[in-house]
1. Filter the stretch 202-216 for residues that are surrounded by fewer than 19 Cβ atoms within 10 Å (Cβ to Cβ) and in contact (Cβ under 8 Å) with a residue 24 or more places away in the chain and give the result.
2. Quickly run through the stretch 150-177 and pick out the residues that are in a helix (DSSP H, G or I), open to solvent by 50 Å² or more (accessible area, probe 1.4 Å) and basic (Lys, Arg).
3. Listed residues ALA87, ALA48, ALA74; which is more than 28 Å from ASP181 (Cα to Cα) and in contact (Cβ under 8 Å) with a residue 24 or more places away in the chain?
4. Any chance the stretch 221-232 includes a residue that's in contact with a helix residue (DSSP H, G or I) (Cβ under 9 Å, 6 or more places away or on another chain), part of a helix (DSSP H, G or I) and of a type outside the set (Val, Ile, Thr)?
5. Within the stretch 178-201, can you find the residues that are touching a Gly at 6+ places or on another chain (Cβ under 7 Å) and open to solvent by 40 Å² or more (accessible area, probe 1.4 Å)?
Amino acid sequence: MTSVAIVTGASSGIGAATARRLAAEGFHVLAAARRTDRLADLVAGIAAAGGSATAVACDVTSDESVAGLARAAADAPGPVTLLVNNAGGARGLDPVESGSVADWQWMYDVNVLGTLRVTQALLPALERSGTGTVVVVSSTAGFTVYEGGGGYSAAKHAQTAVAGTLRLELCGRPVRVVEIDPGMVRTDEFSLNRFGGDAGKADATYAGVAQPLVAEDVAECIAWCATLPHHVNVDRLVVRPLAQAAQHKVHRVGQ
């Protein structure tokens, strides 16, 4: 039977690239996100390329919506063997002393509680498959803080803690837990959303960086980890562009 992969936050960026990459690996992909118009285009593109996917409307901040995703998984054309917790994001770059509580709350709900909700809902199916994999897409902000990134770093540190704790708790059961920690990735929306649609500020994030990572680079890492023999568990994979040696050390041409 065809194995089923579930990807949250699949309407754009890393999520969309991962859905396409996993479909190319032969998975039937449940592409989950809030924006169903974008999901429809994604699924059509996957089908045109010879793959198989289903769009599922899902808001990871809603218990009811996540329950709907679990129902869709139960109706999928095969065992659910892979869950990619990709939904997340950042808002603002304010210092702690003036940070928006609403922004911090949103980041925690999407990145941390979203991962919790979806993992809890899909874990029984993953375990039943006998070869389950949970991928948590966190960030290098999950282990390194930086000025202005308090809210996002706090959320990603918590998401990393969830992944590590889950791995311990599932020891002896047929579900592995993989954490992917990207550094600088240029996508259409991440920085734009972070800065409330300010394209100038978003572009400045990548100014002078010849080759930041792109969504397809991270998707390739996810697919590699997920398709290794099941006894091989990549606990944590940190991936950065060559130009970024650390959070605070980035080579920018002309600067």
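The values are calculated or read from the model by the stated rules, or taken from the named source; none is laboratory data. Everything numeric here is computed off the predicted structure, so don't read it as measured data. FYI the Cβ positions are ideal-geometry reconstructions off the backbone, even for glycines, and counts take in every protein chain you see. All accessible areas refer to the heavy atoms of the entire protein, side chains included, with ligands and DNA or RNA removed. Shrake-Rupley method; radii C 1.70, N 1.55, O 1.52, S 1.80 Å.
1. ALA207, GLY208, ALA210, GLN211, VAL214, GLU216 - these are the residues of the stretch 202-216 that are surrounded by fewer than 19 Cβ atoms within 10 Å (Cβ to Cβ) and in contact (Cβ under 8 Å) with a residue 24 or more places away in the chain.
2. ARG167, the sole residue that qualifies.
3. Within the list ALA87, ALA48, ALA74, the selection yields ALA74.
4. yes
5. ASP188, PHE190, ASN193
To keep it simple, each residue is scored yes or no on (1) surrounded by 20 or more Cβ atoms within 10 Å (Cβ to Cβ); (2) among the polar types (S, T, N, Q); (3) not in a loop (DSSP other than H, G, I, E, B).
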residue: THR2; (1), (2), (3): no, yes, no
residue: SER11; (1), (2), (3): yes, yes, no
residue: ALA17; (1), (2), (3): yes, no, yes
residue: ALA23; (1), (2), (3): yes, no, yes
residue: VAL29; (1), (2), (3): yes, no, yes
residue: LEU39; (1), (2), (3): yes, no, yes
residue: VAL43; (1), (2), (3): yes, no, yes
residue: ALA55; (1), (2), (3): yes, no, yes
residue: ASP59; (1), (2), (3): no, no, no
